[in-house]
1. For the range 307-359, what are the residues that are outside any helix (DSSP H, G or I) and among the polar types (S, T, N, Q)?
2. Is the range 278-301 home to any residue that is assigned to a helix (DSSP H, G or I) and in contact with a Lys or Arg (Cβ under 8 Å, 6 or more places away or on another chain)?
3. Which of the residues belonging to the range 94-107 are of a type outside the set (F, W, Y) and either within 17 Å of P130 (Cβ to Cβ) or over 23 Å from the mean Cα position of the chain (by Cα) (or both)?
4. Would you confirm, using the coordinates I've provided, whether F157 is of a type in the set (F, W, Y), surrounded by 17 or more Cβ atoms within 10 Å (Cβ to Cβ) and either at positive phi or outside the structural domain of P239 (by TED's automatic domain parsing) (or both)?
5. Any idea how many residues of the range 238-292 are of a type in the set (G, A, S) and within 14 Å of A333 (Cα to Cα)?
6. Quick check on my filter: what residues within the range 189-213 are more than 14 Å from the ligand (Cβ to nearest atom) and either buried (at least 23 other Cβ atoms within 10 Å of the Cβ) or among the small types (G, A, S) (or both)?
7. Only one of A119, A52 is in the same structural domain as L235 (by TED's automatic domain parsing) and within 19 Å of the chain's Cα centre (by Cα); which?
8. Can you tell me which residue among H153, H145 is within 16 Å of the ligand (Cβ to nearest atom) and either modelled with pLDDT under 95 or part of a strand (DSSP E or B) (or both)?
Amino acid sequence: MRAFNFSAGPATLPLEVITQVQEELPNWRGTGMSVMELSHRSPEFAGILSEAELDLRELLSLPDHYRVLFCQEGASAHWDMIPLNLLQGNTNADYIESGYWSYRAIEEGRRYCNVNIAASNRIDQFTAIPDQSEWRLNPKAAYVHYCSNETIHGLEFFWTPDVGKVPLVVDMSSHFLSRPMDITPFGMIYAGAQKNIGPAGLSIVIIRDDLLKPAAARTPFLMNYHDQVHAHSMLNTPPTFTIWVAGLVFQWIKRHGGLSAMAKANTQKSGLLYDFLDKSGFYRNPVKHSDRSHMNVPFFLREPSLEDAFLKESSAQGLKQLRGHAVVGGMRASIYNAMPLAGVEALVTFMADFERRYG
Ligand code: PMP
């Protein structure tokens, strides 16, 4: 029996996709080979890549002046690639600090430029997104970087910052494709695959044409967006298997009603869990209600000594990988697109029962 897997990533994938991979793996479309064994230069793989891109473009209604890159690197690599490619001789960039992942991007950005932390919620222990009225943006910055869903602290932007003419760069790793989004305010979007896209080993970049200028001379060749676009994401051997599975996930999203259907289901699932948490005196979630992530729900037991029992018993009931990230502790339920409503219902039922027994 398959478990309900609440991991933040690598995360649960749609069962339909897992089954399709299983069925098609030994002999992909009559080639007598698996996708893992196809040359990345073959017409078959070219078809897989272009189909994945077209489906992604359709899901996002992506305008023609944006390019899509399938990158070998994890999302973290873009913390270096962004300054190397987008500074373009400028020495200043704005960063918003809203939690652990945006902080990591800041630390890395400091290697390359003067990082202006235009806003931070550190003083609130990352429990509320800084209001845009408090942002101190530099109109001459090369770009503004932020993370629109903080996977560890459980914060999500439900609004898009207005940063004027400065290119807006966003890490959407943990809520990419979770709801319809207008792409046009963004200069660049990046997202690691292992949450809503597919297996680990891939990140996706969406970048506006005007930002594709030659990168700084010292840029490692694989980290050059401009060259990678011109090489159709094949400056070297791309992660062919992961790209194939990502494409199957895009098709799964399309079959199941696209991004508006994902949004509806995600709102329902997260609503169920937050309502339960708020009614309980036994568990708590510290995030400001309007900023609570629909994807990653951290929660804490009022009595931390019960955590081990909670994890052991939930796991025995098929509710897996609920341990929170070491940075904040406690528990975390990641409920991405592929988590069925039944998984959240089972979690809430378990939590209520645990509370009855230990509360
Ligand atoms: N950004 C966010 C928002 C993340 O959640 C993660 C990983 N959990 C990363 C970046 C780093 O991703 P990777 O491990 O793919 O480099």
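The values are calculated or read from the model by the stated rules, or taken from the named source; none is laboratory data. Bear in mind the structure is a predicted one, so any value in this text is a computation, not a measurement. Methodologically, a virtual Cβ is constructed for each residue, glycine included, from the backbone with ideal geometry; neighbour enumeration extends over all protein chains shown.
1. Quick first cut of the range 307-359, residues outside any helix (DSSP H, G or I) only: 317-340, 359.
If the condition is that a residue be outside any helix (DSSP H, G or I) and among the polar types (S, T, N, Q), then Q317, Q321, S334, N337 are the ones that fit.
2. Filtering the range 278-301 down to residues assigned to a helix (DSSP H, G or I) leaves 278-279, 289-291.
Okay, now just the ones that are also in contact with a Lys or Arg (Cβ under 8 Å, 6 or more places away or on another chain), so none.
Within the range 278-301, not a single residue is assigned to a helix (DSSP H, G or I) and in contact with a Lys or Arg (Cβ under 8 Å, 6 or more places away or on another chain).
3. So in the range 94-107, the residues of a type outside the set (F, W, Y) come out as 94, 96-99, 102, 104-107.
Within the range 94-107, D94, I96, E97, S98, G99, S102, A105, I106 qualify.
4. Working: of a type in the set (F, W, Y): yes; surrounded by 17 or more Cβ atoms within 10 Å (Cβ to Cβ): yes; either at positive phi or outside the structural domain of P239 (by TED's automatic domain parsing) (or both): no.
It is false that F157 is of a type in the set (F, W, Y), surrounded by 17 or more Cβ atoms within 10 Å (Cβ to Cβ) and either at positive phi or outside the structural domain of P239 (by TED's automatic domain parsing) (or both).
5. Quick first cut of the range 238-292, residues of a type in the set (G, A, S) only: 246-247, 257-258, 260-261, 263, 265, 270-271, 280-281, 290.
Now restrict to residues that are within 14 Å of A333 (Cα to Cα): 270-271.
Of the residues in the range 238-292, 2 are of a type in the set (G, A, S) and within 14 Å of A333 (Cα to Cα).
6. In the first step, residues of the range 189-213 are kept if they are more than 14 Å from the ligand (Cβ to nearest atom); the result is 206-213.
If the condition is that a residue be more than 14 Å from the ligand (Cβ to nearest atom) and either buried (at least 23 other Cβ atoms within 10 Å of the Cβ) or among the small types (G, A, S) (or both), then I207 is the only one that fits.
7. Values: A119 fails: within 19 Å of the chain's Cα centre (by Cα).
That would be A52, the only listed residue that is in the same structural domain as L235 (by TED's automatic domain parsing) and within 19 Å of the chain's Cα centre (by Cα).
8. Values: H153 fails: either modelled with pLDDT under 95 or part of a strand (DSSP E or B) (or both).
Exactly one residue qualifies, and that residue is H145.
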